[in-house]
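**Student:** Could you have a look at this structure, given as structure tokens, before my questions?
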Amino acid sequence: MSSSVAGSLTIFRKASFLVAGASHSALAGAAVAVFLNSIGFELYYFPMALAFASLAALLASYSARKGDINTGIAVSFALSMSIAVIALSATKEYASKAWQLFFGDMLLLTDTDIVVISVSTSILLIFAAIYYYKFIFISFDPEGAEASNVNLHVVDLLLITLISISVVSALKAVGAILVFAIFVAPAAAAREVGRSIESVFYFSFIIALMSLLIGLGISSILPIPAGALAALLVSSLYFFVTVFRNSN
């Protein structure tokens, strides 16, 4: 549910790169948390990851005011990856920690992780329901929204922050590398077949859910991470749908 709603809003906002920027900013925060744990500080990764992702969201929102959201995301991307590499290289058991942060594993989620995902999804759904029309308005017609007295910058910051929170909550499940595919590819494929805004949300949810279920099913038989399988399925589906539509 989280990936379909946040992913669709990202696609409508024309800021697909935001997911990658948020996930890698979160990766930097999680890497710092792992490093601090290795030297004796007991920290849960989520608050630190959320702080870094939120900072990236603020930077992206500021860059959007200048008309180029992707530049701010790209710079935060580079900064975050530098911090992540430095923190992880200084951490004991670097390889195993890096693997989990980069690629995740849905089968290794703890009760705390599931609670975090549930709460984050609930927050996303509540705010998406309250600000639905404003999110859509600023995504498709920002000039008209501003002319209608919609506080464009505040609503945009809220949208970007909600997307970032959703991405951070999925970090441990699918990893910083694959979260981009899980969030963006289902929504992108749904946009190719959906005939209305609402249908994009529905199709995105179905595509994301089916890919995750198939990924979990195959990973129970083969020693392959479920998140990687799900990302492979949705990415392949997007290209298949795109080629099929362009050929007709």
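The values are calculated or read from the model by the stated rules, or taken from the named source; none is laboratory data. Computed from a predicted structure; not experimentally measured. Here Cβ is always computed from backbone atoms with ideal geometry, including for glycine, and neighbour counts include all displayed protein chains.
**Student:** Name the residue, out of PHE135, PHE140, that is touching a residue at least 60 places away in the same chain (Cβ under 8 Å), within 12 Å of ARG13 (Cβ to Cβ), surrounded by fewer than 16 Cβ atoms within 10 Å (Cβ to Cβ) and out of contact with any strand residue (DSSP E or B) (no Cβ under 6 Å at 6 or more places or on another chain).
**Tutor:** Only one candidate passes the filter, namely PHE140.
**Student:** Next up: Go through (1) under 18 Å from LEU18 (Cβ atoms); (2) surrounded by fewer than 18 Cβ atoms within 10 Å (Cβ to Cβ) for LEU171 and report which single condition fails.
**Tutor:** (2)
**Student:** In the set ILE207, ILE160, which member is of a type in the set (A, V, I, L, M) and at pLDDT 85 or above?
**Tutor:** Unique residue meeting the criteria: ILE207.
**Student:** Return a yes/no flag: does segment 190-203 have any residue that is polar (S, T, N, Q), assigned to a loop (DSSP other than H, G, I, E, B), at pLDDT 85 or above and more than 25 Å from VAL119 (Cα to Cα).
**Tutor:** Yes; the residues of segment 190-203 include at least one that is polar (S, T, N, Q), assigned to a loop (DSSP other than H, G, I, E, B), at pLDDT 85 or above and more than 25 Å from VAL119 (Cα to Cα).
**Student:** Wholly within segment 1-115, which helices (runs of 4 or more DSSP H) include no fewer than the required count, namely at least 2 residues that are among the polar types (S, T, N, Q), at pLDDT 75 or above and surrounded by fewer than 17 Cβ atoms within 10 Å (Cβ to Cβ)?
**Tutor:** Passing ranges, in order: 17-38, 69-89.
**Student:** Given the conditions (1) among the aliphatic types (A, V, I, L, M); (2) part of a loop (DSSP other than H, G, I, E, B); (3) at pLDDT 85 or above, which single one is not true for VAL150?
**Tutor:** (3)
**Student:** From the set of residues in segment 216-226 that are in contact (Cβ under 8 Å) with a residue 60 or more places away in the chain and part of a helix (DSSP H, G or I), which is surrounded by the fewest Cβ atoms within 10 Å (Cβ to Cβ)?
**Tutor:** If we take residues in segment 216-226 being in contact (Cβ under 8 Å) with a residue 60 or more places away in the chain and part of a helix (DSSP H, G or I), then LEU216 is surrounded by the fewest Cβ atoms within 10 Å (Cβ to Cβ).
**Student:** Return the residue satisfying two criteria in turn: it lies in segment 234-248 and is among the aromatic types (Phe, Trp, Tyr) and more than 14 Å from VAL184 (Cβ to Cβ), and of such residues it is modelled with the lowest pLDDT.
**Tutor:** Only one residue tops the list, namely PHE244.
**Student:** Scan segment 174-185 and tell me whether some residue there is touching a Pro at 6+ places or on another chain (Cβ under 9 Å), farther than 30 Å from LEU101 by Cβ and either modelled with pLDDT of 85 or more or aliphatic (A, V, I, L, M) (or both).
**Tutor:** Checked against the condition, which is being touching a Pro at 6+ places or on another chain (Cβ under 9 Å), farther than 30 Å from LEU101 by Cβ and either modelled with pLDDT of 85 or more or aliphatic (A, V, I, L, M) (or both), segment 174-185 yields no hits at all.
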